[in-house]
Amino acid sequence: MFALRYCLSIIFISCFSATSFAIVCDDYKDCEYRFKARENFLTYYSSHKTSITHPDIERLVIIIHGALRNGHEYFNDTVQAAKKLSVLRNTMVLAPSFRKVTDARKEGELYWGRRWYTKWKYGYISEDSDKISSFEVIDLLIKNISLSGYFPNLKTIVVTGHSAGGQFTQRYAVGTEIRSKITQDIQFVPSNPSSYMYLDESRYHFKTGNFELAATPTNCTDYNHYIYGPKNRAAYLKKFTVEELRNNFKKNNVIYLMSEEDKGIDSLDRSCGAMSQGKNRFERAKNFFYYVKKKITYDGHHFLSIPEVGHDHIKVYESQEAATIIFGLKGEENKHFLYGKIGNINDVQTDSDSQFVMFGGGRNEIEGMKSFLTAAHGGDLLIISGKKNLNHRYTHEFWNMSEQEKIPLDSVEVISFLGRDAGEDKFVLDKIRKAEAIFFTGGDQSKYIIRIKNTSAHREILNKVRSGISIAGTSAGLAIMGEYIFSAKKGGLSSRYVLKNPNSEYIALVHDFFFSPLLKNLITDTHFTERKREGRLLGFMFNTQVKFQEEILYGVGIDEQTSLELTIDFKMKSFGKGYVTFYQAPEILPSRSLGPFNFGPVRKQILLKNKSYPHFNSLTFKNHINILDGQVFP
């Protein structure tokens with residue numbers, strides 16, 4: 001019997017033998033197919049025929065080519081990456097090829113214009129008789145594959161593109177609602193685009209230790225016009241209001257996959273609209289991700305960077321990071337912690353300086369940050385958190401600060417402890433051992449107490465403290481930097497509550513996290529002036545003296561955007577916009593009573609900025625205050 005040959009031309013135009021065909025195709029010369037949009041077709045390359053049943057396929061990777069419109073090369077390169085991971089049995093790779101009017105093309109093939117406002121990568125309509133947006137073509141392609149019935153076990157669809165393909169993917173993710181029209185999960189992975197579509201006039205740049213809202217460009221009147229902003233956007237996006245686009249973008253699962261060394265200017269968009277987003281691709285990516293967190297979604301989008309790789313799509317798609325998010329290789333899933341990194345792959349070992357740097361919360365205080373980073377002497381910085389998501393705030397800010405201030409760092413890594421079991425994980429323990437500096441983020445200090453204290457991770461942290469490294473923390477990370485700690489296990493408290501209820505069970509205190517002589521006899525508080533916390537710190541000191549029978553006790557309150565540096569030579573210095581205020585408890589131990597709260601006299605001293613002081617246990621106190629009937633005087 002001869003093999004029956006036919007063409008399916010209703011949805012997919014795809015000639016093949018019904019009795020003899022290759023299950024997996026890995027060379028574009030043998031893998032070319034046509035997708036009929038309306039009257040005309042889009043050429044695409046696929047590792048699996050889209051018109052026969054593939055029960056093994058669980059994942060579809062749609063790879064969008066770059067400005068050279070070389071979909072065939074992107075197809076071959078991505079298939080090779082998939083082959084190296086041995087995932088082609090259950091993963092289909094598909095690469096569309098968008099033609100330009102000047103390209104050689106077949107009769108009836110879709111094509112787009114030469115000018116920027118007619119280009120395929122921005123979602124404009126084609127110049128053939130179909131007059132269809134490139135974004136809509138991908139919508140139709142995904143929908144037809146999803147609903148064809150040929151892929152009964154397809155679970156995940158990934159749309160990804162590099163360079164110009166990354167521009168396509170990010171803008172497509174702003175407008176497409178395809179997730180609501182298919183049953184599979186879908187994620188969008190833009191990689192190293194030259195620019196981004198913002199959804200309002202805000203632009204952020206990193207300077208002086210923080211991301212700052214950039215001034216509106218005065219010599220760039222169209223910086224917020226499409227393709228850089230929402231004004232005069234393409235018809236596909238004009239169907240929605242800006243607020244609808246914002247909500248849609250928020251709902252789409254977007255992962256920004258960026259090369260850390262993509263800092264060159266070759267083929268970089270250098271128009272004023274693009275330059276308002278940053279000076280190179282990697283900087284623009286970090287700036288845009290901060291904007292997304294600030295204006296779109298705090299934890300719905302994710303950022304992943306690839307160390308030691310530049311503007312090279314092959315290395316991007318062959319990276320370990322791509323193996324995870326594009327090809328779905330999870331490895332041994334760990335439910336106890338989250339991990340992220342930026343910087344060099346190989347570990348270096350340096351001798352760091354022994355110190356504690358305390359930050360009062362809010363925006364970063366630059367001088368304290370510089371001191372903390374400098375003390376690592378070019379080593380590896382580890383960020384420890386208890387948050388459920390990696391928002392990369394400090395990962396990016398420390399790395400940016402290192403570059404801008406020319407303070408060498410080998411890497412910045414972050415580990416978020418999701419449970420106590422993380423404290424026994426070999427990977428986590430190894431990262432702590434290799435750190436030359438450790439930073440504790442804000443959030444909820446009770447998570448540090450519950451998830452880390454008295455684990456193997458805690459013991460490794462104590463070993464680092466004894467060996468002498470740079471330790472810093474902000475907000476909740478500062479709250480654990482004392483011999484005595486308000487744990488917040490039963491919730492946060494206001495000064496008003498503590499002064500009225502000095503014997504409350506909610507004043508939960510624990511003893512020591514760091515066991516350092518520099519922190520002996522100390523309890524701390526954060527966001528001090530901004531949240532009016534003097535009364536509660538005094539209440540904490542009263543309860544510490546009563547509970548632990550501590551005759552010698554100091555308290556310190558640190559304002560936002562303010563830092564305190566404690567060095568191994570038992571000296572200290574404050575920096576920043578606010579104040580560092582020290583308190584010394586009464587020498588006679590207080591006792592509890594059922595009447596109004598009375599406590600004192602308590603000595604008080606505010607440190608002058610940028611002035612070196614002896615350690616707080618040798619500090620001269622010039623003022624004093626009292627608590628009388630639950631009120632602080634004077």
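For Ala215 and Asp569, a Förster radius of 56 Å and the Cβ-Cβ distance give a FRET efficiency of 0.85, rounded to the nearest 0.05. For segment 85-140, the fraction of alpha-carbon pairs lying more than 18 Å apart is 38 percent, rounded to a whole number. On average, how much area does the Cα convex hull of segment 117-213 cover when viewed from any direction, in nm²? Across all orientations, segment 117-213 yields a mean hull projection of 8.5 nm². The label point for Glu39 and the one for Asn253, both projected 7 Å from the Cα toward the Cβ, are 3.9 nm apart.
In vacuum, with every alpha carbon of segment 475-634 counted as one equal point scatterer, what does the Debye formula give for log10 I(q)/I(0) at q = 0.10, 0.14, 0.17, 0.18 Å⁻¹? Two decimals, please. At q = 0.10, 0.14, 0.17, 0.18 Å⁻¹ the computed log10 ratios are -0.32, -0.64, -0.98, -1.11. Projected label points at Leu589 and Thr183, each 7 Å from Cα along the beta carbon direction, are separated by 7.0 nanometres. Calculated accessible area for segment 316-375 comes out at 46 Å² per residue, all protein chains present (probe 1.4 Å; ligands, DNA, RNA ignored). Summing charges over neighbours of Leu608, with a neighbour being any other residue whose Cβ is under 15 Å away from its Cβ, gives +4 when K and R count +1 and D and E count -1. The coefficient of translational diffusion for the chain, derived via Stokes-Einstein from the alpha carbon Kirkwood radius under 25 °C and 0.890 mPa s, stands at 90 µm²/s. What segment 516-562 shows is 33 Å² of accessible area per residue, with the surface traced by a 1.4 Å probe over protein heavy atoms. Overall shape of segment 389-474 was characterised from the C-alpha gyration tensor. The equivalent ellipsoid obtained from it has semi-axes of 22, 16, 11 Å, in decreasing order. Rounded to the nearest 20, the size of the Cβ-charge dipole of segment 212-362 about its Cα centre is 1060 debye, with Lys and Arg at +1 and Asp and Glu at -1. Using only Cα atoms, locate the centre of segment 199-225 and the centre of segment 412-471, then give the distance between them in Å, rounded to an integer. Distance between centres, Cα-based: 37 Å. If you wrap segment 450-570 in the convex hull of its Cα atoms and look at it from every side, the mean projected area works out to 7.6 nm².
Comparing Cα centroids, segment 32-91 and segment 547-573 end up 60 angstrom apart.
For segment 513-634, the number of Lys pairs with C-alpha atoms closer than 17 Å, counting only pairs eight or more positions apart or on separate chains, is 14.
This model, with +1 at the C-beta of Lys and Arg and -1 at the C-beta of Asp and Glu, gives the chain a dipole about its Cα centre of some 1400 debye.
Accessible surface of segment 374-515, 1.4 Å probe: 49 percent of it comes from carbon and sulfur atoms. Our helix-only sum for the chain, with -39,500 (n - 2.57) per DSSP H run of n ≥ 4 divided by its residues, gives a mean residue ellipticity at 222 nm of -7000 deg cm²/dmol. Antiparallel beta bridges, as assigned by DSSP with both residues in the chain, represent about 55 percent of the total such bridges. A simple spin-label model places the labels of Asn344 and Lys155 3.9 nm from each other, with each point 7 Å out along Cα-to-Cβ. Sorting Leu409, Leu85 by solvent-accessible area of protein heavy atoms yields Leu85, Leu409, largest first, with a 1.4 Å probe.
Against the empirical 2.2 N^0.38 Å scaling, what ratio does the C-alpha Rg of segment 548-634 come to? Against the empirical 2.2 N^0.38 Å value, I get 1.21 for segment 548-634. With a 1.4 Å probe rolled over the protein heavy atoms of all chains, the accessible area of Glu403, Glu551, Glu365, Glu107 falls in the order Glu107, Glu551, Glu403, Glu365, largest first.
The ellipsoid that matches the Cα gyration tensor of segment 172-309 has semi-axes, each √(5λ) in whole angstrom, of 23, 19, 14, with the longest given first.
If you take every residue apart from Lys250 with its C-beta less than 14 Å away from the C-beta of Lys250, what net charge results, scoring Lys and Arg +1 and Asp and Glu -1? Around Lys250, the surrounding residues sum to +1. Size descriptor for segment 252-319, Kirkwood hydrodynamic radius: 12.8 Å (Cα pairs only, one decimal). With the convex hull drawn over the C-alpha atoms of segment 533-586, the volume per residue is 88 Å³. With the convex hull of its Cα atoms as the shape, segment 170-243 has an orientation-averaged projected area of 6.9 nm².
Within the shell defined by Cβ-Cβ distances under 12 Å, the residues around Ile296 carry a net charge of +3, with Lys and Arg each +1 and Asp and Glu each -1. Magnitude of the charge dipole for segment 27-128, about its Cα centre and with charges confined to Cβ atoms of Lys, Arg (+1) and Asp, Glu (-1), is about 260 debye. Hey, what's segment 157-245 come to in accessible area per residue, 1.4 Å probe, Å²? Ligands and nucleic acids excluded, the result is 35 Å² per residue.
The values are calculated or read from the model by the stated rules, or taken from the named source; none is laboratory data. All values derive from a computational prediction rather than experimental measurement. Reconstructed Cβ throughout: ideal geometry from the backbone, glycine too, with neighbour counts over all protein chains shown. For accessibility, only protein heavy atoms count, side chains too; no ligands or nucleic acids. Shrake-Rupley method; radii C 1.70, N 1.55, O 1.52, S 1.80 Å.
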